[in-house]
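Asker: Encoded as structure tokens, here's the structure I'll be asking about.
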Amino acid sequence: MNNDSQGVMGWLNYMQDHAGYLLSLTWGHLVMVFCGLGLALLVGIPLGVVCAKNEKLAPWILTTANIIQVLPSLALLALVMIMLGLGFKTIVFSLFLYSLLPIIRNTYVGLKEVDAGVNEAGKGVGMSAWQLLFKVQLPLSLPFLMAGLRLAAVIAIGVATLAPLIGGEGLGREIYAGLNLRNNLKIYAGAIPAALLAILADIVLGKLQDKLKQGRRQAKV
Amino acid sequence: MIQFEDVKKTYEDGREVLKSVNLDIQAGEITVLIGPSGCGKTTTMKLINRLIAPSAGQIRIDGQDIAKSDPVGLRRKIGYVIQNIGLFPHMTIAKNVGVVPRLLKWDRAATDRRVDELLSLVGLDSEIYRSRYPSELSGGQQQRIGVIRALAADPDIILMDEPFSALDPISREQLQNELIRLQQELRKTIVFVTHDMDEAIKLGDTIVLMKDGNIVQTGRPEQILRHPANDFVKSFIGKKRLANEHQPDELPIVDEVMVEHPATASPTRGLAEAVKMMEKRRVDSLLIVDKNNRLQGSVSIYRVLDQYGEESKTVADVMKPVEHVVQTGTSLSAALQIMSEHQLSNLAVVREDRQFVGLITRGTVVSHMAGMYASERPGESDHVAV
Ligand SMILES: Nc1ncnc2c1ncn2[C@@H]1O[C@H](COP(=O)(O)OP(=O)(O)OP(=O)(O)O)[C@@H](O)[C@H]1O
Ligand SMILES: [Mg+2]
């Protein structure tokens, strides 16, 4: 409350004064999110493909990812911390786990949604199973995958604010500093950019998703 | 030549979908598989490019057992037009048509050239269509693309599964004619599935009639029409065609020959609408009928274009009265006489109360006569544009 009198102007001043520091926190935040998402894509897409190709394995993989997803974020962080200790790799690994479900599930759904006729045409013109996957099925499921990535990104940006609790970097640091010092300016200086990042990611990835959908509309008879 | 020897197909659920099929498909011919839905036409076709494996028996192409060939390589050598078009929605038309050449690693220039050539073959301007996506084409155009995609790598064998089924009668007729024209040049071995007997007779060098996983009769269209093997074949051919086969001397009445849904418009239509309708139906005149379906007059494209500048005019303002009509039940010969006497290109058929029921055109007459007196090659009569 002690800072409220300063209002928006005060906050802007604070932001300006600490721009360099805040930018470096934002950058750290983004690096964690990118690493987590990158790992999740690297692992999630192949797992999604496995699910689509193997109906027996699909429920196991999806259920596991689902359980990870419903764990409260603090509990997950704590569990990972027990395994990996404090630091950057712990937070990245947690973000990776958190992003896994949307990516696996959307890859899986996207592949399942590919029209049976299109699959058959691919086989019929003489594509091998890999060619069919890379030239037809994956490109066609890209809008779905993008939707998954969008969801994962928004979640990850949020979860990453918890990073300081386990020795990580990012905008969360400013938020916790603010909480400890009872300094609202600091809290806003961390929370507002984090929220903006999430909104921005949502908009940008949403745009990308729309773009992918164009020209990929299902051929109608 | 493609040979089926004692081929059986039983699915996992135990259903015997093909029961000992023996069939020789001649090279350079169109062989039409026809039969009711679910009789096993698609199954038979997919056995040829190994999309389905037989449960028993052998299939040979030029004497080679296909079970010993590499399925992917085999499929690249066989053109395939699938039942529901199956264009790749994320690829442009050029990419779709060139997919097999690219799989075969043709160089780019050769593929591009081939794509342009094929597009012009089916009357699509490659400047316009190359870079479009399938969803930006009409159903008829998509089916054309489906057909030329199968032709792209110049395969000797082409499988076509109901390629024209989703089309309106006019585009369908057009594509059939295009196929006949192409085949005269290319002489491919074509296996063509349909359940439309008219299409089978028009296109087939050989017709294979199937029922419940068996082949009921195989033969030239003429043979099948003249000597149907049993009642099933007879019923499939239909009474009308059989009657025509047996009594060619009895002259038909106009009702049998007329087009039943010619292009009509109501009197209140504007001129631009009229032009659009003519374009769509590919006709050069429209018959004008009121809401009780009474014939009011006719307009030709020339009259419409003549007055096109006047936006407030409707077709009622430019139509000419129809001077000559015939009533239902009139014999065709009487109708023909009227047509030749007055130099008419078509003649409306009406009921007593002047309710409009159909139209006789020169084209319909010719194809009807040709159908009745069908001789060696039933395909020939159908080049007449209606
Ligand atoms: N994968 C499958 N598993 C089990 N049964 C199948 C399978 N595919 C097709 N069938 C059955 O085999 C029979 C023949 O099918 P097919 O597709 O060859 O028929 P069709 O003659 O092409 O029919 P249509 O004219 O409707 O296309 C049908 O009864 C169908 O239900
Ligand atoms: Mg079929």
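The values are calculated or read from the model by the stated rules, or taken from the named source; none is laboratory data. Only a predicted model underlies this, so the values are computations on that prediction, with no experimental measurement involved. In this analysis, Cβ positions are derived from the backbone assuming ideal geometry, glycine residues included, and neighbour counts consider all displayed protein chains. Side chains are part of the model used for accessible areas, which takes the heavy atoms of the whole protein and leaves out ligands, DNA and RNA. Shrake-Rupley method; radii C 1.70, N 1.55, O 1.52, S 1.80 Å.
Asker: For region B:105-120, does any single residue satisfy the condition of being assigned to a helix (DSSP H, G or I) and within 13 Å of chain A (Cβ to nearest Cβ)?
Answerer: no
Asker: Return a yes/no flag: does region B:229-240 have any residue that is at pLDDT below 85, within 30 Å of B:LEU336 (Cα to Cα) and among the basic types (Lys, Arg).
Answerer: Among the residues of region B:229-240, at least one is at pLDDT below 85, within 30 Å of B:LEU336 (Cα to Cα) and among the basic types (Lys, Arg), which makes the answer yes.
Asker: Yes or no: B:LEU203 closer than 22 Å to B:ILE224 by Cα and within 16 Å of ligand 2 (Cβ to nearest atom)?
Answerer: No, not satisfied.
Asker: Do we find that B:ARG172 is open to solvent by 20 Å² or more (accessible area, probe 1.4 Å), more than 16 Å from ligand 2 (Cβ to nearest atom) and modelled with pLDDT under 90 in this structure?
Answerer: yes
Asker: Do you know which of the residues in region A:115-146 that are within 7 Å of another protein chain (Cβ to nearest Cβ) and in a loop (DSSP other than H, G, I, E, B) is most open to solvent (accessible area, probe 1.4 Å)?
Answerer: Only one residue tops the list, namely A:SER128.
Asker: If you don't mind, another one. What's the total number of residues in region B:42-73 that are open to solvent by less than 10 Å² (accessible area, probe 1.4 Å) and not aliphatic (A, V, I, L, M)?
Answerer: So the answer is 2.
Asker: Does B:ASN96 qualify as being within 11 Å of chain A (Cβ to nearest Cβ) and at pLDDT 95 or above?
Answerer: Criteria met by B:ASN96.
Asker: Going residue by residue through region B:104-112, is there one that turns out to be open to solvent by 30 Å² or more (accessible area, probe 1.4 Å) and under 22 Å from B:VAL191 (Cβ atoms)?
Answerer: yes
Asker: I would also like to ask the following. Looking at region B:40-83 only, could you name the residues that are within 14 Å of ligand 2 (Cβ to nearest atom) and within 14 Å of another protein chain (Cβ to nearest Cβ)?
Answerer: B:THR42, B:THR43, B:MET45, B:LYS46, B:LEU47, B:ILE48, B:LEU51, B:ILE52, B:TYR80, B:VAL81, B:ILE82, B:GLN83
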